[in-house]
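This report refers to the structure that appears directly beneath it.
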DNA sequence: GCCGTTTTCGGCCCGACTGTTTTCAGTCG
């Protein structure tokens, strides 16, 4: 039984306990569930090594929950959980996704109407049975049907990089209105999470109604969910929910902080506020002034900017990408936050596919676009021969491409343009971990990257060893998209990420942060681990067209979410220094 | 059920909105 399954059971238990109206326990179970979800070591391993004591050491897990986890690890079952499942035989996975229906409602619906799943719920709503239950009404029944309809359309999360242009366009349109004094997108967009569920926009305005009217009449609006003076909400045709809120100037920082999240980060901040005798909400940070008479007066300590709020709490300012309560608050208290890589720190792009394989543009076209974007170099990394469907290069074609690149570099130099094209390739890692291009040709490249593109369903052991063998290859400088996932589409291949990171460190091989919006591979938590282990990373667009070069920012964002500094990323350096560093690291092994 | 520079007992994040009510529970972010 893996961590994810155990976290799921604890989270379900939290829900059942809420149905029973138990105070406080639901929160304890939910906390334990999210702690386990975030854990990077299998509970099974912890239990094997340190027994139940090791499990109790996980923050949020105490004696009682540790025992339950032990039972799950030992028997694969949990009596406590089975009892609830028997008492409420509900399809929680689907039912909890219905908006506006929580534990209390589901309990009533089950007890009165025997509703167990989404189909039951829809049927009862259509037949007008729900409105007859005390506490429910016609409106609730309609909302349930609407929400089920939405779920059926499958729209709930979006890949950030793919929806980003639309986000920018909405913010830009609104910012042009004269009534808008200030505007910022908050929420997971501001934290640059790989996927987003909705978009929260905050504005300051003395005259918000015209802004709201404009907002609910934007093109592509499917439905106006709310249309008020301080808050409006729309659903776009593609299913994205957008909320617009007006906040007073003196509260802008507090609101921005509150709506940026994450939820856990916010909770942790409010707990710190309480310990200091303060209160933090979306209007500001306040101190209760107890006067001699009974009534209390609130004194505002901070609120207009996020910086002053963090400062008043005794913390350094925390970048939005770090706000996940992964330990950043503790570091901020000790003034030990890492200085994250900046969005303008990348000098070159190390993964680019051209029309030599499955890319849409020529090397020359990429050079022009990269220059426009302010880059100083690019590495050409076309696919290699075993990936036939991409028109991958064989040895002969690669040698020919090297000649062309030499020619381009000569021309650039002659024209006095400070730009370098590096000779490289995205070499296939074959089933056994060997490469599909001969070593004597690879040795002629400036940079060798290797990646898995086939036989995805090998066992964890085989796949891990396959990639580790490529990492050990003295010719390989970088492993591209190490886990092979496609966000919202394909899970990563079965690999032992710890083993791969440790092998990369031992051999001085770099790992990639592939910036393509639905790859983002490595992802944030793996980036954090790799950096802690001392592995160097590259951030590359994986462009298949010149328009993809601006995807780099999503890779940088992911790296920032993984707490990467400029020094951790090889291509923040000049190309010559970068190559020197890589080769030196590879030799060290 | 968890946890501790207020506490090993007595607290537990906060506010808005919605739909149902006629003062509030449930849900959400």
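In segment A:8-29 there is no residue matching the filter, namely being more than 30 Å from residue A:562 (Cα to Cα), away from DNA strand B (no atom under 13 Å from the Cβ) and free of Cβ contacts under 8 Å to residues at least 60 places away in the same chain.
Taken as a whole, segment A:168-187 holds at least one residue that is away from DNA strand B (no atom under 16 Å from the Cβ) and part of a strand (DSSP E or B). All conditions but one from (1) within 12 Å of DNA strand B (Cβ to nearest atom); (2) modelled with pLDDT of 85 or more; (3) more than 28 Å from residue A:151 (Cβ to Cβ) apply to residue A:253; the one that does not is (1). The helices (runs of 4 or more DSSP H) located wholly in segment A:301-382 that include 2 or more residues which are touching a strand residue (DSSP E or B) at 6+ places or on another chain (Cβ under 7 Å) occupy A:306-312, A:363-372. Of all residues in segment A:392-417, those satisfying the criterion of being surrounded by fewer than 16 Cβ atoms within 10 Å (Cβ to Cβ) and in a loop (DSSP other than H, G, I, E, B) are A:394, A:415, A:416, A:417. Of the helices (runs of 4 or more DSSP H) entirely within segment A:461-572, those holding at least 3 residues that are within 19 Å of residue A:381 (Cβ to Cβ) occupy A:552-561.
From the list A:267, A:203, A:170, A:163, which residue is touching a residue at least 40 places away in the same chain (Cβ under 8 Å) and surrounded by fewer than 16 Cβ atoms within 10 Å (Cβ to Cβ)?
One residue alone meets the criteria, A:267.
Residue check: residue A:82 meets all listed conditions (1) more than 8 Å from DNA strand B (Cβ to nearest atom); (2) touching a residue at least 12 places away in the same chain (Cβ under 8 Å) but one, namely (2). Only a single criterion out of (1) farther than 27 Å from residue A:530 by Cα; (2) surrounded by 14 or more Cβ atoms within 10 Å (Cβ to Cβ); (3) near DNA strand B (Cβ under 9 Å from one of its atoms) is not satisfied by residue A:56, namely (1). Has segment A:124-139 got at least one residue that is more than 8 Å from DNA strand B (Cβ to nearest atom), touching a residue at least 24 places away in the same chain (Cβ under 8 Å) and in a helix (DSSP H, G or I)? No, there is no match, as no residue in segment A:124-139 is more than 8 Å from DNA strand B (Cβ to nearest atom), touching a residue at least 24 places away in the same chain (Cβ under 8 Å) and in a helix (DSSP H, G or I). Here A:218, A:236 are screened, and the one residue that is closer than 26 Å to residue A:146 by Cβ, in contact (Cβ under 8 Å) with a residue 24 or more places away in the chain, surrounded by 18 or more Cβ atoms within 10 Å (Cβ to Cβ) and more than 13 Å from DNA strand B (Cβ to nearest atom) is A:236. Residue A:93 fulfils the conditions (1) near DNA strand B (Cβ under 8 Å from one of its atoms); (2) at pLDDT below 90; (3) outside any loop (DSSP other than H, G, I, E, B) except for a single criterion, (1).
The values are calculated or read from the model by the stated rules, or taken from the named source; none is laboratory data. Computed from a predicted structure; not experimentally measured. Don't worry about glycine lacking a Cβ; one is built from the backbone with ideal geometry, like all the others, and counts go over all protein chains shown.
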